[in-house]
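Written out below as structure tokens is the structure these notes cover.
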Amino acid sequence: FVRTARDWRAMVADNPFRVEAERDPGHLLVMFLKQAPTREAVTALQRAITGREVVRAEGRHAYLVYPDGVGRSRLTSALIEKHLGTRGTGRNWNTVQKLGALVEAL
């Protein structure tokens with residue numbers, strides 16, 4: 001899912017989990033979505049979470065905090081895509097920052 005440099009900057013600026021981004025960037029993920037989900041879809045996803053994970057969505061991005069790690073979480077990409085009704089691909093905040101540095105170098 002392609003994003004422009006402007007889209008990338010906005011995605012970083014819209015991050016609702018700034019504390020987590022600083023404290024534990026490896027457990028903060030951004031899911032880049034093909035389409036923006038409805039509020040109802042985001043609410044349905046939030047209700048489906050059985051662990052300590054937290055999800056917020058802004059436009060075509062979902063921000064996910066996995067305090068216990070992604071590996072053991074039941075909040076999988078398939079579950080996220082099912083509830084949001086769109087496809088997506090996720091990257092952790094460390095990768096987001098590295099790619100952002102490349103965007104700024106252009």
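The values are calculated or read from the model by the stated rules, or taken from the named source; none is laboratory data. Note that this is a predicted model, so its numbers are computed, not measured. Neighbour counts run over all protein chains shown; Cβ positions are idealised from the backbone, glycine included. Heads up: the accessible areas ignore ligands, DNA and RNA and are worked out on the full protein's heavy atoms, side chains in. Shrake-Rupley method; radii C 1.70, N 1.55, O 1.52, S 1.80 Å.
Things to note:
- Low-density loop cleavage sites - trypsin sites (Lys or Arg not before Pro) in segment 52-98, where at most 10 other Cβ are within 10 Å (DSSP): ARG72, ARG74
- The portion of the accessible surface of segment 15-62 made up by carbon and sulfur, rounded to a whole percent, is 46 (1.4 Å probe; DNA, RNA and ligands excluded).
- Each Cα pair under 8 Å and six or more residues apart adds its sequence gap; the mean of these over the residue count of the chain is a relative contact order of 36 percent.
- Simple label model, 7 Å out from Cα along Cβ direction - GLU22 to ARG87, nm: 3.8 nm
- Derived scalar couplings ³J(HN,Hα) [segment 32-39; Karplus, 6.51 cos²θ - 1.76 cosθ + 1.60; whole Hz; x for Gly, Pro]: 8, 9, 5, 9, 6, x, 6, 4
- For the chain, accessible area per residue (1.4 Å probe, heavy atoms of protein chains only), Å²: 63 Å²
- An oblate overall shape is assigned to segment 65-106, the ratio a/c of its alpha-carbon gyration tensor axes (a ≥ b ≥ c) being 1.5 or greater and a/b not exceeding b/c.
- Two-site label geometry, GLN35 and ARG6: point separation in nm, points 7 Å out along Cα→Cβ: 2.3 nm
- Charge dipole (debye, nearest 20) of the chain; +1 at Cβ of Lys and Arg, -1 at Cβ of Asp and Glu: 240 debye
- Rg/Rh (Cα only; Kirkwood hydrodynamic radius) as it applies to the chain: 0.95
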